[in-house]
1. Might you tell me the accessible area per residue for the chain, computed with a 1.4 Å probe and given in Å²?
2. Going 7 Å from the Cα of Thr210 in the Cα-to-Cβ direction, what parts of region 79-103 have a backbone nitrogen less than 20 Å from that spot?
3. Leaving out ligands, DNA and RNA, and with a 1.4 Å probe, what % of the accessible surface on region 190-278 is carbon or sulfur?
4. So if we plug the beta-carbon distance of Asp86 and Lys54 into 1/(1 + (r/R0)^6) with R0 = 35 Å, what FRET efficiency do we get, rounded to 0.05?
5. List the relative contact order of region 1-115 as a percent without decimals, with contacts defined as Cα pairs under 8 Å and 6+ residues apart.
6. With P(r) over Cα pairs in 10 Å bins from 0, in percent in mind, check (1) 5, 18, 16, 12, 10, 9, 8, 7, 5, 4, 3, 2, 1, 0, 0; (2) 6, 27, 36, 24, 7, 0; (3) 6, 27, 33, 19, 7, 4, 3, 1, 0 and report the label derived from this structure.
7. Can you compute the charge dipole magnitude of the chain about its Cα centre, using +1 on each Lys and Arg Cβ and -1 on each Asp and Glu Cβ, nothing else charged? Give it in debye, rounded to the nearest 20.
8. With all protein chains present, how much of the accessible area of region 43-140 (probe radius 1.4 Å) comes from carbon and sulfur, to the nearest whole percent?
Amino acid sequence: MTSLITNTSAMNALQALRNVNNELGTTQGRIATGLRITSAKDNAAYFQISETMKGDSGSLSSINEGLTLTKNSIATARLGAESFQDLAEQFVKRVAFAQGAKGGFAEVEQDLGELVKQMEITIKQSTFNGDDMVNAADASSVTASTVSATTGELTAATATTADRSVVTGVSRAGGTFAATTTTVSTVDLSAMLADFKGLVADFSANASDTTNGEAYLKGNLESAQSVLIRSTAAATQLGLSEKTIEDQQTFLNKLTDNIDTGVGSMIDANMEEEAARLQALQTQQQLATQALSIANQAPSSIMSLFR
């Protein structure tokens, strides 16, 4: 039966065309965005998981950027501590030289004074973006060992440090979000500088004292060596902190990459499949359009019956 009021064939053809157009729009959207899942209506479970993991990945990336600043501060402080240590070694050598000298103590004192000035400049320049890690507050002690320059024996001394808590990651367990931290230590080179300044004070007068000069030089050398050991401990501690941060950044980079890969496997579109599907749907769209055109022509054939 052919009806002028209700064209069932056209309705069916139109519905088929609508379905093809809807699927074509979805496929084109996937190709345009590169995503298979863009909202919760596409796949609620995958959408929730992917959004949560993307949030974690973003947090880890931000933490990693913060760690870069911290690492730069530590690296600058370590460089300063190592330069300070080099100057401390030169200081010890000058004092050791004075022990065997029969004079020239004024010149040695001048050399020591210049070394102290360089130490002070080094401390002032050992900051990154205003972050000072070489003038520790609320200090504690760290012990390091070194070989005595005079006896060859292994001796130990402490360097003043202060702990600093640094956020290095995040964790999520049972819906609870928590930050993980590690501890890095700043050092107090200013305290060592003050000790060196004390060793320079009246050096020439005390060293040239015919009665107590020899004992003074011996004590001065021992004190200088002790401060040298502390500066070595400080540089070592900063080096360890820097390595800790570098290792954590390496882990965070790998972890972030793993999370991003996992999220991608859930929500990314398979572009080869979508390209093949696009071609198929475009063909179906053409056929559905042609079918609708044929269905719309059916009522006009009734007119021939009235001729």
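The values are calculated or read from the model by the stated rules, or taken from the named source; none is laboratory data. Source: prediction; values computed, not measured. All Cβ positions, glycine included, derive from the backbone under ideal geometry; neighbour counts span all protein chains shown. Heads up: the accessible areas ignore ligands, DNA and RNA and are worked out on the full protein's heavy atoms, side chains in. Shrake-Rupley method; radii C 1.70, N 1.55, O 1.52, S 1.80 Å.
1. Working: 17390 Å² over 307 residues.
On a per-residue basis, the chain sits at 57 Å².
2. Residues passing the 20 Å test: 99-103.
3. The value for region 190-278 is 52 percent carbon and sulfur by accessible area.
4. E(calc), rounded to 0.05, equals 0.15.
5. Reported as a whole number, the value is 12 percent.
6. The value matching this structure is (1).
7. That gives a dipole near 1700 debye.
8. C and S fraction of accessible area: 49 percent.
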